[in-house]
Amino acid sequence: MVSVNEIPAETAAAGADIFICETTEIVALAAQSPTSGSGAWTAFGPADINNPVNPGTTVSDLSIGENYFVWTLSSGACENFAADTVLVSVTAESSEQAQAGSDQSFCNNASAIALNASPALGAGIVGQWSQPSSQAQLGVEILEPNNPSSPISGFFPNNNYLFTWTLTNGACGAYRSEEH
């Protein structure tokens with residue numbers, strides 16, 4: 001007896017790429033279940049797959065950087081007839097410190113006033129200035145929020161103003177701040 005299986009007219013769908021911080025220990029994948037046959041996960045690299053035949057399995061022991069997982073469909077003798085790959089990108093948590101610079105005093109006739117943070121140095125790290133909303137409502141403006149030396153305007157004499165320099169790191173989000 002010979003049995004011939006037909007390849008289902010189905011495509012594999014491994015789900016959307018996932019971007020996480022290294023502090024996340026377990027991630028759930030989200031493949032689409034096949035309407036016929038079965039699916040199985042495989043990993044490129046050392047990551048652990050909790051249940052390779054579960055479309056929503058969890059994975060752990062991910063490496064910093066790019067981790068790829070392949071969702072492959074099979075039906076009877078038609079093995080691996082469709083596959084799709086999903087990326088789990090892991091951003092390293094940074095130890096870089098936010099440095100907003102030293103306090104400054106200006107005369108009310110100063111032609112230019114600028115903040116003086118240290119630029120973010122690590123790969124993928126971005127710095128941004130912010131201020132209390134009450135201060136912004138008075139008309140104080142940070143003209144270039146992502147510039148460590150951003151010009152500022154809208155000051156009134158005999159007042160103190162507060163600005164915060166915050167560092168963010170991709171999927172790890174905001175992780176360090178310092179007030180100026």
Self-check item: Ranked by how many other beta carbons lie within 10 Å on average, peptides 165-177, 60-72, 13-25 from highest
Solution: 165-177, 60-72, 13-25
Self-check item: Simple Cβ-charge dipole of the stretch 1-160, Lys/Arg +1 and Asp/Glu -1, about Cα centre, in debye nearest 20
Solution: 360
Quiz prompt | Once the Cα gyration tensor of the chain is diagonalised, semi-axes √(5λ) in Å | solution = 55, 15, 11
Exercise. Using a 1.4 Å probe over the heavy atoms of the protein chains, calculate the carbon and sulfur portion of the accessible area of the stretch 1-59 as a whole percent.
Key: 54
Quiz item: With point charges of +1 on the Cβ of Lys and Arg and -1 on the Cβ of Asp and Glu, referenced to the Cα centre of the chain, which listed residue (Gln97, Pro119, Ile152) lies farthest in the positive direction of the dipole?
Solution: Ile152
Practice problem: Evaluate the distance, in nm, between pseudo-label points positioned 7 Å from the Cα of Ala30 and of Val4 along their respective Cα→Cβ axes. | Solution: 4.1
Self-check item: Orphan Cys of the chain, criterion: no other Cys C-beta under 4.7 Å
Solution: Cys78, Cys107
Quiz item: Residue-wise, which Karplus ³J(HN,Hα) couplings in Hz belong to the stretch 168-173, taking 6.51 cos²θ - 1.76 cosθ + 1.60, θ = phi - 60°, and x for glycine or proline?
Solution: 10, 9, x, 5, 7, x
Self-check item: Ranked by how many other beta carbons lie within 10 Å on average, peptides 45-55, 29-39, 153-163 from highest
Solution: 29-39, 45-55, 153-163
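The values are calculated or read from the model by the stated rules, or taken from the named source; none is laboratory data. Just so it is clear, the structure is predicted and the values come from calculations on it, not from any experiment. Positions of Cβ are generated from backbone atoms using ideal geometry, with glycine treated the same way; all protein chains shown enter the neighbour counts. In case anyone asks, the SASA skips ligands and DNA or RNA and just uses the protein heavy atoms, side chains included. Shrake-Rupley method; radii C 1.70, N 1.55, O 1.52, S 1.80 Å.
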